[in-house]
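Below is one structure; the comments refer to it alone.
The values are calculated or read from the model by the stated rules, or taken from the named source; none is laboratory data. Being a predicted model, the structure only gives us computed values, none of them experimental. With ideal geometry, Cβ positions are generated from the backbone for all residues, glycine too; neighbour counts draw on all protein chains shown. Surface areas here come from the heavy atoms of the whole protein model, side chains and all, with no ligands, DNA or RNA. Shrake-Rupley method; radii C 1.70, N 1.55, O 1.52, S 1.80 Å.
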Amino acid sequence: MSQAIIAVIIFLVVIIAIISEKVHRAAAAWAGAVALMLTGILNVDKAIGYIDFNTIGVLVGMMLFVAVVKHSGLFEYVSIKAAKMAHGDPLKILVSFMVITAVCSALLDNVTTVLLMGPMTISIAKMMKINPVPILLGQIVASNIGGTATMIGDPPNIMIGSAAKLTFMDFIINTGLACVIGLFVIIVGLRFVYKKQLQADSKAVQELMQLDENKAIQNAKLMKISIVMICLIVVAFMAHDKFGIESSTVALTAAAIMMIIGRQDIDEVISDVEWPTLMFFMGLFIVVGGMVETGIIGDLAKALMGLSGGHVIMTMIILLWASAFISAILDNIPFVATLIPLIIAMGQQGMDITPLWWAISLGACLGGNGTQIGASANVVLCGIAGRNGYPISFNDYLKVGMPTMIVTVFIAMIYLLLKFAVFA
């Protein structure tokens, strides 16, 4: 049996194991990585060489940073303040919480954002005696849209930015506008859909307005430091390429500073890092590396170019929609990890691949809204809702998620066509 066939079999077994959830995805990825080394397809040095440590560095840095910041009470404070500024109007709360979630997901990451915002949303909804599910669904789709807008908002973007040597500002320019338009359209749509469901009585509104958001602040000094540091991180990400500094250096520097000046229990901070997720990433990079090493990715690149006739715009549209629908039913992380070397191979064969990076970024990240299992943020927040007595079924989610995905991906397609076909 040829090494190429063995690499494909290992890759497929790993993907099936991840989808089935019978085996933890980190364990599945590392089992695949070890299998590649045992069969001689990769040695240890080559395997390590396929790990994108810039992506790992960004994730570690931001996870450590948020693990310190959350002890300040910043997110709880913002949630209560936003609800009061909306004067207890559930529809206005829906809008404000979606905007907050989108912005936080763009600046931090969407999984961390929903972990912090979800419980507070449910608490406020209980106080107002309204069903929190519409607001939670709004937050889920907003987290994925917001995460699409920047390089650090969603793991696929971190991977794409690192592989294609793209900057924070490149993402703001090329995905930001499409995401802002998409978020606006979805907010308008959800306001219309949930107009009758989101009604609160006057007594509940009065109780909410009496809440003191200042009591949510756990550490005022840390909160002030966190706000300053978030602003500095955004500026640093925007300018890192001008100073020849990688994005991972920015994230790790921010984490180091916060761990020193935040004065939190370092053992607790480190334990809050999603180490299984990081291990999954590293193992997956190696598994995809096996496909690159044996030439499978190069062959797929030739096949895709043949399907689109080598036409860049046609390839861009195919990748956009394929990424969206596949990411709606599969984890977008392994999917993007497979596409990255594929696009690089297409570039090596003479195609202009610049539009393709933005196609898979917008497709994979926005596609995560399609189903309940399309993105990690969906699974996390639906889990929080269920544990608090507000289960969100697969079909209930689908009624909101799939239309959201189709509308936002369509907007992204129009944007990409205008940018790379009409005004190129």
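Quick look at the values:
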item	result
Label-point gap, in nm, between LYS419 and MET238 - each point 7 angstrom along Cα→Cβ	1.8
Dipole magnitude (debye, nearest 20) for the chain, charges at Cβ of Lys, Arg, Asp, Glu	1040
Farthest positive-ward along the chain dipole, Cα basis, beta-carbon charges - from THR55, LEU307, VAL409	VAL409
Carbon + sulfur, % of accessible area of region 67-123 - ligands and nucleic acids excluded, 1.4 Å	71
Apportionment of accessible area to carbon and sulfur, region 315-424, percent (1.4 Å)	69
Under 20 Å from the Cα of LYS129 - aspartates and glutamates, other chains or at least 8 residues apart	GLU76, ASP89, ASP201, GLU207, ASP212, GLU213
Degrees between helix 53-69 axis and first principal axis of the chain (Cα, 0 to 90, nearest 10)	10
Over the chain - Rg/Rh using Cα atoms and the Kirkwood inverse-distance radius	0.98
Violating pairs (Cα-Cα greater than 25 angstrom) within the set LYS165/LYS419; LYS81/LYS224; LYS92/LYS224; LYS22/LYS165; LYS126/LYS221; LYS203/LYS224	LYS92/LYS224; LYS22/LYS165; LYS126/LYS221; LYS203/LYS224
Compactness of region 142-190 - radius of gyration and Dmax, Cα, Å	11.3, 37
Rounded tilt (10° steps) of 275-293 against the dominant C-alpha axis of the chain	20
Carbon/sulfur fraction of accessible area - region 205-313, other protein chains in place, 1.4 Å, %	63
Point-to-point label distance, SER202-LYS302, nm (Cα→Cβ direction, 7 Å offset)	7.6
Rounded accessible area per residue of the chain, 1.4 Å, Å²	42
Linear extension gain, ASP89 paired with ILE9, 0.36 nm per residue minus alpha-carbon span	23.4 nm
Computed log₁₀ I(q)/I(0) - Debye formula, equal Cα scatterers, no solvent, region 181-328, q 0.14, 0.15, 0.18 Å⁻¹	-1.19, -1.20, -1.20
Alpha-carbon radius of gyration plus Dmax, which is the widest Cα pair, for region 107-148 in Å	10.7, 33
Quotient of Cα Rg and 2.2 N^0.38 Å for region 116-225, N being how many residues it contains	1.37
Rg [Å, one decimal], Dmax [Å, integer] - region 320-424, C-alpha atoms	15.8, 55
Length added when fully stretched, GLU21-LYS195, from 0.36 nm per residue minus Cα-Cα	58.9 nm
Extension reserve of the VAL188-CYS231 stretch, reckoned as 0.36 nm per residue once the Cα distance is removed	12.6 nm
Estimated 222 nm signal from helices in the chain, with DSSP H stretches of n ≥ 4 weighted -39500 (n - 2.57), rounded to 500	-24000 deg cm²/dmol
Cα lying deepest toward the dipole's positive end in the chain, options LEU74, THR294, GLY350, charges on Cβ	LEU74
About the Cα centre, charge dipole magnitude for region 155-215 (Lys/Arg +1, Asp/Glu -1 at Cβ), debye	240
Residue among ILE245, ILE392, LEU208 farthest towards the positive dipole end of the chain, charges placed on Cβ	LEU208
Cβ charges +1 (Lys, Arg) and -1 (Asp, Glu), total dipole of region 54-164, debye	360
Cα long-axis angle, helix 296-307 against the chain (0 to 90 degrees, to the nearest 10)	80
14 Å Cα-Cα reach of LYS46 towards aspartates and glutamates, excluding residues that sit fewer than 8 places from it in its own chain	GLU293
